[in-house]
Amino acid sequence: MKDLMRRKATILLAAGAAIMLSAAVPALSADQTLTVYSFKGTPGQEADMPAINKLFEAEYPDIKLNYVALPAGTAYESKIQVELLAGKSADVIMAQGTQLTQLSKNGYFVDLSSEPWAANVLEQVKPFFSYEGQLYAMPLLGSGIGMFTNMDVLAAAGITSVPTDWPGFLDALAKVKAAGYTPIAVPDKLGWGGAMTFLNMGSTLVPSTWADDYWNGKGDFSTWLPVLQQMMELDQKGLINWKEQLGVDEFSQGLGNFKQGKTAFWVQGMWNISDLKANNINFQFTAVPAGPAGSSPKVFMYAGAGWTISATSPNIDAAKKYVAFQARPDISLKYLTADGGLSMFKGAPSPAFEGVETFNASYGAGDFSYMATSTWFGDGVQEALGSKLQAMLLGQITPEETAKALDSIGLRKQ
Amino acid sequence: MITKRPLVAIGFLLPALTAYGLFTLYPLVRGLWLSLTDSSGGPRSNFIGLENYRRLIFDPDVHSATLITIQYAVIVVVLQNLFGLLLARALFERPHARRVIGTLVLLPTLVAPLMSSFIFSYLLAPDGALNRMLALIGLPGLQHVWYGDPTTALASIAAVQIWMYTGYTATIFLAGYLAIPRELLEAGRIDGATSWQQFRLIEWPLLAPSLTVCVTLSLIGSLRVFEFPFVLTNGGPAGSTMTLTLLIFNSTFHAASKFAYGIAIAFALLVLVVVSAAIATVVLRAREARI
């Protein structure tokens, strides 16, 4: 009887030890699985991520990746927000824009300010990935928003180079129109195209100090009046039909129309480069020329996505290794080349895209401005701005009235 | 069953009640609570009472979106039911064609709303099929930027919903037609009633139950429309198609600081839908009773 009791006790102890050991395995195991959520690497938009992840696993054989690529957009944003709220999220999460700031503010991400790569992040872009001075994301790519020029259409109109100032631009548009082509396309059905043209021209025409001043309660949108007037001048001179542009979708229709080769200029983002190349379009990507005669335009950038680490991740060290790996200049260059973006690290190489040389040179020389999503242009301003600009482009309000209306839309520091 | 074997009855009810409580009541109560806070979608928030509701009462964007939503609902309810009724009558009078065409008219209902929106986005683009067809048949003067002009954008969005659900409405009206006693229609014909008199004095009153269902469904569907304006115009041009649902979406997902405010607008929309549907049902049921 005693033996039986002893045997039972031994079995129970062994079973208990086995259960405790199995519960502890994830923490003790040498092999860790890192779950990564991303909107880069989906079919058709691989952005070289599968190859980059293989390189990571080869360099860190004790870390296995569970890389989950989901299409970008509201569904992705909602998924990460809900999972973070529920405390069951991926270890590494790709996030961007105001959502990144908001989630950082809510304490969902690990502070990465003291990571070795953090010191090399461009000062101009740090605010987009920070909250209250702490860096919460590794900047992945800076994306240029500017103007594509179909060089074949330009040549057919007798023009040899892309204009760089406003008078030259108007002249080129008139010549293209006379040659029987559509001078410029700015699809604006969603309000995005008009807003991006406005910001693009503003990066050249509005003093670079304006954004900080406005955020801190100084100045107003009257400074932007020349931009608004120039946008209307295009319509007044018959170089664009804004009403028609308001019926064309920026993303599902604009690219297709430009690829048909009937339009000289098209305002969009540099993520379209690979598509245009694949279709053998002879193009140049530059800033929108808006300045006075003899001036050069300043390029306009959007600070895209960044890698963050969930504050509740049990694999923070492994996650930091993954993020540091992505920040390495050689790895970053692979990604930037595949996804069509520019580096946001000091001294790090950016891809030398054909047709983007002028844009890259301006960026490399520091002659750029970033979309102010962390200050006056954050938190829902884009939609409201796009709508007000549409009202002006339809002739419902004047440029002066628009400038006044924008003052109630732009954000100021609380 | 409930009185004789209450435990068994409860056992049968429990799964449905659990799902309803979990997926309908809990989100509703949680949403109501969130609308009383300054939540930006994160775990931290402060209770601010009715501040969000006070704010929406004076918000011109909410006023404008409410007006646009009501305009949209009027267009859809009137035209969808009119076309559905005409189609049902045509099918009723052609019994041989009814089976085939009756199935075909339901096909648009089977297309996903998002897909329908994309199809119409191309059809009604400035260089889309509709404008090209107008040019081909010698009517270039009627060409238009359908979704880029504030005067036509809302109606052009409504056209998609009407196209999708007219067949569905027609099917309900057709069921109503088939329930009308044949002898009544024959008696009318023998008495020399014209087609219009027959419709006005016999068919229309007897179709009252179908009308109640169709009007209520189309009213609810149009007041909470989202996919069509979201894909086709995103609320533009210049806010002329910014419905309440789009405003809720933009507030909740595009502006973190307005997360709780967006939920408050969602509750305002819920009240609008419930009140409108209740009024429509009460009025139409009273009409049925009078008939």
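General observations
- Those helices (runs of 4 or more DSSP H) lying entirely in the range B:155-247 with at least 2 residues over 30 Å from B:LEU124 (Cβ atoms) and more than 20 Å from the chain's Cα centre (by Cα): B:182-190, B:195-198
For every residue, the table says whether it meets (1) within 14 Å of chain B (Cβ to nearest Cβ); (2) within 22 Å of the chain's Cα centre (by Cα).
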{"position": "A:LYS64", "(1), (2)": "no, no"}
{"position": "A:VAL82", "(1), (2)": "yes, no"}
{"position": "A:GLN96", "(1), (2)": "yes, yes"}
{"position": "A:PRO116", "(1), (2)": "no, no"}
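- Evaluation of A:GLN236 against (1) touching a residue at least 12 places away in the same chain (Cβ under 8 Å); (2) polar (S, T, N, Q); (3) more than 14 Å from chain B (Cβ to nearest Cβ) (one fails), failing number: (1)
- Being surrounded by fewer than 17 Cβ atoms within 10 Å (Cβ to Cβ) and either among the basic types (Lys, Arg) or at negative phi (or both) holds for only one residue in B:LEU36, B:LEU50, and it is B:LEU50.
- Taking first residues from the range B:141-154 that are under 10 Å from B:PRO237 (Cβ atoms) and partners that are crowded, with 23+ Cβ neighbours inside 10 Å and basic (Lys, Arg), the Cβ contacts under 7 Å between residues at least 6 apart in sequence or on separate chains come to B:TYR147/A:LYS189; B:GLY148/A:LYS189.
- Subset of the range A:194-230 that is under 21 Å from the mean Cα position of the chain (by Cα), modelled with pLDDT under 95 and not polar (S, T, N, Q) - its residue that is farthest from A:PRO163 (Cα to Cα): A:ASP212
- Single residue of the range A:152-163 satisfying the filter (crowded, with 18+ Cβ neighbours inside 10 Å and touching a residue at least 24 places away in the same chain (Cβ under 8 Å)) that is nearest to B:SER121 (Cα to Cα): A:VAL153
- Yes/no for B:ALA65 being within 14 Å of chain A (Cβ to nearest Cβ) and among the hydrophobic types (A, V, I, L, M, F, W, C): yes
- Here is the figure for the range A:271-293: residues that are modelled with pLDDT under 90 and either hydroxyl-bearing (Ser, Thr, Tyr) or under 17 Å from the mean Cα position of the chain (by Cα) (or both) total 4.
- Only one of B:VAL160, B:VAL213, B:VAL225 that is farther than 20 Å from B:VAL111 by Cα and either touching a residue at least 12 places away in the same chain (Cβ under 8 Å) or touching a strand residue (DSSP E or B) at 6+ places or on another chain (Cβ under 8 Å) (or both): B:VAL213
- Residue in the range A:67-76 that is out of contact with any His (no Cβ under 7 Å at 6 or more places or on another chain), surrounded by 10 or more Cβ atoms within 10 Å (Cβ to Cβ) and at pLDDT below 55 present: no
- Selection status of A:GLY366, of a type outside the set (D, E, K, R), in a loop (DSSP other than H, G, I, E, B) and surrounded by fewer than 19 Cβ atoms within 10 Å (Cβ to Cβ): yes
- For the range A:205-224, the set of residues classified as buried (at least 18 other Cβ atoms within 10 Å of the Cβ), in contact with a helix residue (DSSP H, G or I) (Cβ under 9 Å, 6 or more places away or on another chain) and part of a helix (DSSP H, G or I) consists of A:LEU205, A:TRP210, A:TYR214, A:PHE221, A:TRP224, listed by residue number.
- Test result for A:SER387, more than 14 Å from chain B (Cβ to nearest Cβ), part of a helix (DSSP H, G or I) and surrounded by 18 or more Cβ atoms within 10 Å (Cβ to Cβ): no
- Search result, residues across the range A:98-114 that are in contact (Cβ under 8 Å) with a residue 60 or more places away in the chain and away from every other protein chain (no Cβ under 12 Å): A:VAL110, A:LEU112
- If you go through the range A:180-204 and keep only what is of a type in the set (Phe, Trp, Tyr) and outside any helix (DSSP H, G or I), you end up with just A:TYR181.
The values are calculated or read from the model by the stated rules, or taken from the named source; none is laboratory data. Keep in mind that what you see is a predicted model, and the values were worked out from it rather than measured. Virtual Cβ from ideal backbone geometry, glycine too; neighbours counted across all protein chains shown.
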